[in-house]
Amino acid sequence: MGELEKHVRIFNLIAPVYNRFFRWQVKNYGSILDKYTDFLKIPAGGKVLDIGCGTGAFTYCLAERGYQAVGVDFSSSMLRAARKSTLGESIEFKQGDVTKGLDFPDASFDLVLSSYVLHGLSSKLRQSIYAEANRLSRGQVLFYDYNQKRRLFTDIVEWAEGGDYFGFVRQGEKEIRSNFHDVRIIDVGPQTAIYLCSPRR
């Protein structure tokens, strides 16, 4: 079983529990969008793509603000929960593997974003996400993930999850800067940051 398949198996199992935090996530993502909308420069009614959308909280916040929102995830259980939680919103959810490329034309989104996905994957798989985000965005790319600060509790939780949290904390910023133009990093929490990037053509 490959790395991504292991992650999908885990997320298919935890989707019902994960979805219990949907409203809290909506509140958190909504406050971030409200605070940093000017930086994102998404045109009114612009098209946005949420890579690794999970149960759809960030995608929901974008749709709620009038954007054409598309959410992609490899986990069928996460997508099932996302569709249930976002009933009434005009959101397109699709199952897909971003590491193998998504079925969208080049430069087809005003914003491509990914939230808490990068740290869970190996550096090799992160590179494929950077490449696809560059290909698909005609505006900006936003990663919402850990910064370089660590806390013991988070270390333990992420160690148990089995991703590459420690590798991302060490080298994530360097990776992102080497793959995008004009990377702006904004700390939005004690351990979290927005990495706002201009795509490389």
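Coordinate-derived values only; no laboratory data. All of these numbers come straight from a predicted model, not from anything done at the bench. Positions of Cβ are backbone-derived with ideal geometry, glycine not excepted, and every protein chain shown enters the neighbour counts.
Whole-Hz ³J(HN,Hα) for each residue in region 105-112, computed from phi via Karplus 6.51 cos²θ - 1.76 cosθ + 1.60 with θ = phi - 60°, x for glycine and proline: what do you get?
Result, ordered by residue: x, 4, 6, 9, 10, 6, 9, 10 Hz.
Work out from phi, with θ = phi - 60° and the Karplus expression 6.51 cos²θ - 1.76 cosθ + 1.60, the ³J(HN,Hα) of each residue of region 120-129, listed in order in whole Hz, and give x for Gly and Pro.
So the J values, rounded to whole Hz, are x, 10, 5, 4, 4, 6, 4, 4, 5, 6.
Give the percent of DSSP beta bridges with both residues in the chain that are antiparallel, rounded to the nearest 5.
Details: 11 of 31 bridges.
That works out to approximately 35 percent antiparallel.
Which of K35/K100; K35/K174; K84/K149; K35/K149; K35/K124 have a Cα-Cα distance over 30 Å? Write down the numbers at each step before the final one.
Details: K35/K100 33 Å; K35/K174 26 Å; K84/K149 35 Å; K35/K149 22 Å; K35/K124 32 Å.
Beyond 30 Å: K35/K100; K84/K149; K35/K124.
As a footprinting exposure proxy, order E158, E173 by other Cβ within 10 Å, with the fewest listed first. If you can, show how the numbers build up before the last one.
Working: E158 19, E173 16.
The order, fewest Cβ neighbours first, is E173, E158.
So for each of 93-102, 48-57 I average, over its residues, the number of other beta carbons within 10 Å; can you give me the resulting order with the highest mean first?
Details: 93-102: 15.8, 48-57: 26.7.
Final packing ranking: 48-57, 93-102.
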